[in-house]
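Read-outs throughout are calculated quantities, based only on the coordinates presented, and are distinct from any laboratory measurement. Owing to the predicted nature of the structure, the values given are computational and were not obtained by experimental measurement. Don't worry about glycine lacking a Cβ; one is built from the backbone with ideal geometry, like all the others, and counts go over all protein chains shown.
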Amino acid sequence: MTGEQQTTLGRYRATPGRKVSVARLEAALLKVAHLVARDPAFTPIFERLEAELALARKEAKAMTAAQQRARSLLDQKARPARSSALRAKDAPLP
């Protein structure tokens, strides 16, 4: 493959470190499914998209779980403390 061909083909590759959305992967998988139905030569692309979609869903689920934990932590910190020293009757005298 010549340098020119590599450059031309390279423009279709995902940018390293750039995330592709679950919705976009689902749409791509559906389009490639139509191609595979007509020609099995597209099977490797279909399988790659399936794997990428599974990973993207797993990452989204992990992010959602992390967000829920973070919100829970913030909610706990936002509540007033319930220690006995904060009650007026238990506060030390001056």
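So the values come out like this:
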{"quantity": "FRET efficiency, 1/(1 + (r/R0)^6) with R0 30 Å, evaluated for GLN76 and ALA23 via beta carbons", "calculated": "0.35"}
{"quantity": "Cβ-Cβ FRET estimate between THR43 and THR64, R0 fixed at 30 Å, reported to 0.05", "calculated": "0.45"}
{"quantity": "Theoretical FRET efficiency, 1/(1+(r/R0)^6), r = Cβ-Cβ of LEU55 and LEU30, R0 25 Å, to 0.05", "calculated": "0.90"}
